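Trainee: Please see the structure below; I have some questions.
What follows draws every value from the coordinates through simple rules; no lab data is involved. On a predicted model such as this, the values are computed, not experimentally measured, just so you know. Positions of Cβ are backbone-derived with ideal geometry, glycine not excepted, and every protein chain shown enters the neighbour counts.
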Amino acid sequence: MELNRLPGDAPIGDVVAAIREDGAAIVENFVSDTIADQVLADLREPFDSVGRSTENDFNGYTTLRVNSVLDLSPASAGIVGHRRMMEVLDAVLLPFCQSYLMGSNTAIEIHPGEGDQVLHRDDTIYPVHIPGLELQASVMWALNDFTQENGATRVVPGSHRWVKPREPGADDTVIQAPMKKGSALFYLGSVFHGGGANKSNGARAGLINTYCLGWLRQEVNHVLSVPRETAANLPEHIQRMMGYSLHGGMLGYYPTDDGRVPSREMNGGAMWGWQTD
């Protein structure tokens with residue numbers, strides 16, 4: 001069994017249908033090799049200097065991780081706010097909210113010798129599980145080729161439809177998601193997945209962004225973790241997803257100097273007094 005694979009120019013409806021079927025799907029060649037190469041080059045120094053700071057039983061001991069990638073790689077904005085990716089997320093998340101937010105923004109590099117990561121659901125950061133209600137969705141971007149040997153992500157297809165909470169068992173199918181550089185693995189927050197073991201001689205690097213319903217708290221506080229001067233230069237649709245926005249006109253507001261509440265149109269950098277294009 002393999003996950004559904006679609007070309008980068010596939011109709012959005014086909015991508016969404018594939019995700020809903022298995023809980024995950026691969027879209028091939030979704031960004032250019034040039035963008036993937038630049039993001040990985042930008043992350044080389046952070047990976048090498050602080051990448052081991054998150055080592056533990058869950059994250060692994062030969063896996064490098066860095067957070068707040070938007071602050072480390074300007075080129076990553078082309079991935080974080082990828083327009084066709086957002087069309088997919090619109091279909092998956094907007095049935096449950098008026099807008100969604102970026103939950104986390106993390107780069108992961110699995111090095112040779114790393115074992116299989118424990119299978120898990122990303123949405124367990126929220127203390128509720130309601131079948132059919134998707135709290136978040138994730139997109140893993142391949143910054144170099146993902147193979148079965150170098151740790152391509154593992155997925156338990158169909159686990160997003162499990163009604164009763166349980167862990168994957170011996171009878172459940174676990175498949176890997178190898179993909180070429182520039183491709184993207186979409187998966188629901190309710191689907192079990194995990195990094196694969198790296199049995200090769202080289203590292204595999206990916207950029208993983210999670211996106212949550214706009215009325216939920218984000219996994220990472222991007223307003224604090226990304227310097228304001230960096231955020232001010234990002235496209236407005238990314239600013240909104242970082243948290244510089246309101247949900248439903250009121251959720252997340254702050255009073256202006258004269259005590260008024262910003263209107264629902266005051267979003268993005270303009271809400272914070274920035275001059276944005």
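Trainee: For the chain, calculate the relative contact order in percent as a whole number, restricting contacts to Cα pairs under 8 Å that are 6 or more residues apart.
Mentor: Numbers: 577 pairs, mean separation 66.3, N = 277.
Once divided by the residue count of the chain, the mean separation gives 24 percent.
Trainee: To make sure I understand, if each residue's beta carbon is the centre and we count other beta carbons within 10 Å, what order do 100, 253 fall in, fewest to most?
Mentor: Details: 100 24, 253 16.
Lowest to highest Cβ neighbour count: 253, 100.
Trainee: Kirkwood Rh, Cα Rg: Rg to Rh for the chain?
Mentor: Values: Rg = 18.5 Å, Rh = 19.2 Å.
Here Rg/Rh amounts to 0.96.
Trainee: GNM on the chain, C-alpha springs below 10 Å: top fluctuator among 22, 57, 71?
Mentor: 57
Trainee: Can you tell which of 160, 247, 237 shows the greatest fluctuation in a Gaussian network model of the chain with Cα springs below 10 Å?
Mentor: Ranking 160, 247, 237 by mean-square fluctuation puts 237 first.
Trainee: When the Karplus curve 6.51 cos²θ - 1.76 cosθ + 1.60 is applied with θ = phi - 60°, which whole-Hz ³J(HN,Hα) does each residue of the stretch 12-17 get, with x for Gly and Pro?
Mentor: 4, x, 5, 5, 4, 4
Trainee: Mean residue ellipticity at 222 nm from the helices of the chain, using -39,500 (n - 2.57) per DSSP H segment of n ≥ 4 over the full residue count, to the nearest 500 deg cm²/dmol?
Mentor: -6500 deg cm²/dmol
Trainee: Quick one: putting +1 on the C-beta of Lys and Arg, -1 on the C-beta of Asp and Glu, what dipole do you get for the stretch 19-164 around its Cα centre, in Debye to the nearest 20?
Mentor: Value, rounded to 20: 520 debye.
Trainee: If you add up the charges near residue 225, with Lys and Arg at +1 and Asp and Glu at -1, over every other residue whose beta carbon is less than 13 angstrom from its beta carbon, what do you get? If you can, show how the numbers build up before the last one.
Mentor: Values: positive: 228; negative: 71, 219.
So the environment of residue 225 carries a net charge of -1.
Trainee: Given axes a ≥ b ≥ c from the Cα gyration tensor, I'd like to know whether the stretch 123-195 is rounded (a/c under 1.5), prolate (a/b larger than b/c) or oblate. Provide the component values of the computation, followed by the final result.
Mentor: Numbers: a/c = 2.83, a/b = 1.60, b/c = 1.77.
Judged from the Cα gyration tensor, the stretch 123-195 comes out oblate (a/c at least 1.5, b/c at or above a/b).
Trainee: What are the aspartates and glutamates whose alpha-carbon lies under 13 Å from the alpha-carbon of residue 199, with same-chain residues fewer than 8 places away excluded?
Mentor: Qualifying aspartates and glutamates at Cα under 13 Å: 114, 116, 149.
Trainee: Below 8 Å, C-alpha to C-alpha, sequence gap of six or more: please give me the relative contact order for the stretch 144-265 in percent.
Mentor: Relative contact order for the stretch 144-265 comes out at 25 percent.
Trainee: Here's a follow-up. Please give, to one decimal in nm, the separation of the simple spin-label points placed at residue 32 and residue 96, each 7 Å out from Cα toward the Cβ.
Mentor: Result: 3.5 nm between the two label points.
Trainee: In addition: Figure the gain on full extension for residue 50 and residue 120 (residue separation times 0.36 nm, minus the Cα-Cα span) and round it to one decimal in nm. Can you show the working numbers first?
Mentor: Working: separation 70, 0.36 × 70 = 25.20 nm, distance 2.46 nm.
Working it through step by step, the gained length comes to 22.7 nm.
Trainee: Please list, ordered by chain and number, the residues whose modelled amide H lies under 5 Å from the amide H of residue 181; skip anything fewer than 5 residues away on the same chain.
Mentor: Here the answer is 145, 146, since their amide H atoms fall under 5 Å of that of residue 181.
Trainee: Based on Cβ point charges of +1 for Lys and Arg and -1 for Asp and Glu, what charge dipole magnitude is obtained for the chain about its Cα centre, in debye rounded to the nearest 20?
Mentor: Magnitude of the dipole: close to 400 debye.
Trainee: Here's something else I'd like to know. Let me check against my output: what whole-number percent is the relative contact order of the stretch 1-125, with C-alpha pairs under 8 Å and at least 6 apart?
Mentor: Averaging sequence separation for qualifying contacts and normalising by length gives 25 percent for the stretch 1-125.
Trainee: Net charge within 14 Å of residue 76 by Cβ-Cβ distance, Lys/Arg positive one each and Asp/Glu negative one each, not counting residue 76 itself? Write down the numbers at each step before the final one.
Mentor: On the way: positive: 44; negative: 37, 42, 71.
Combined, the nearby Lys, Arg, Asp and Glu give -2.
Trainee: Considering the Cα trace of the stretch 1-71, what is its radius of gyration and what is Dmax, both in angstroms?
Mentor: So, for the stretch 1-71, Rg and Dmax equal 16.3, 41 Å respectively.
Trainee: Treating only the Cβ atoms of Lys and Arg (+1) and Asp and Glu (-1) as charged, compute the dipole magnitude of the stretch 117-204 about its Cα centre; round to the nearest 20 debye. Walk me through the intermediate numbers first.
Mentor: Details: 9 positive and 8 negative charges, 28 e Å.
In total the dipole reaches around 140 debye.
Trainee: With springs only between Cα atoms under 10 Å, which of 62, 106, 34 fluctuates most in a Gaussian network model of the chain?
Mentor: Largest GNM mean-square fluctuation: 34.
Trainee: Next question. Can you give me the pair-distance distribution of the stretch 131-260, C-alpha pairs, 10 Å bins, whole percents?
Mentor: Spelled out bin by bin, the stretch 131-260 gives 10, 30, 30, 21, 7, 2, 0 percent.
Trainee: I would also like to ask the following. Give me a comma-separated list of calculated 3J(HN,Hα) values for the stretch 127-132, in order, Karplus coefficients 6.51, -1.76, 1.60 applied at θ = phi - 60°, integers in Hz, x for any Gly or Pro.
Mentor: x, 8, 9, 10, x, x
Trainee: Let me ask you something else. Taking only Cα atoms of the stretch 45-123, what ratio of Rg to Rh do you get with Rh as the Kirkwood inverse-distance radius?
Mentor: 1.04
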